[in-house]
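Peer 1: Provided herewith is a single structure, encoded as structure tokens, for subsequent inquiry.
Derivation of every value follows stated rules applied to the coordinates shown; laboratory data play no part. As the structure is a computational prediction, the values presented were derived from the model and not from experiment. All Cβ positions, glycine included, derive from the backbone under ideal geometry; neighbour counts span all protein chains shown.
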Ligand SMILES: [Zn+2]
């Protein structure tokens with residue numbers, strides 16, 4: 001089921017449940033050395049400095065990735081509206097019980 005929310009106050013936030021990933025790859029011809037680590041950019045930088053010191057290689061490809069979620073900004077009034085809207089949708093999705101009616105008799 002697709003839902004469209006028409007609020008302006010959306011933003012992207014880092015997902016607190018996921019680690020950031022840092023990857024560094026030496027791009028000097030014939031080397032191919034690489035380093036990957038979670039949540040530690042300084043360790044990735046240190047690896048490059050050590051690699052340069054040991055090999056003289058000074059060219060790297062660095063990538064950074066992290067998980068993102070879309071939601072209302074912290075403290076936004078929209079957050080309360082979204083929660084209220086989701087509760088009302090949940091109520092509408094509940095099955096409707098037929099009201100007990102007396103059985104008609106044909107005469
Ligand atoms: Zn290298």
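Peer 1: Taking neighbour Cβ counts within 10 Å as the exposure measure, how do 51, 57 sort from fewest upward? Before the final figure, lay out the partial values.
Peer 2: Numbers: 51 20, 57 17.
The most exposed by this proxy come first: 57, 51.
Peer 1: Hey, rough spin-label estimate for residue 52 and residue 70, points 7 angstrom out along Cα→Cβ, what's it come to in nanometres?
Peer 2: Spacing of the two 7 Å Cα→Cβ label points: 3.9 nm.
Peer 1: Provide, in order from the shortest bin, the percent of all Cα-Cα pairs of the range 19-66 in each 10 Å bin, continuing until the bin that contains the maximum pair distance.
Peer 2: 30, 54, 16, 1
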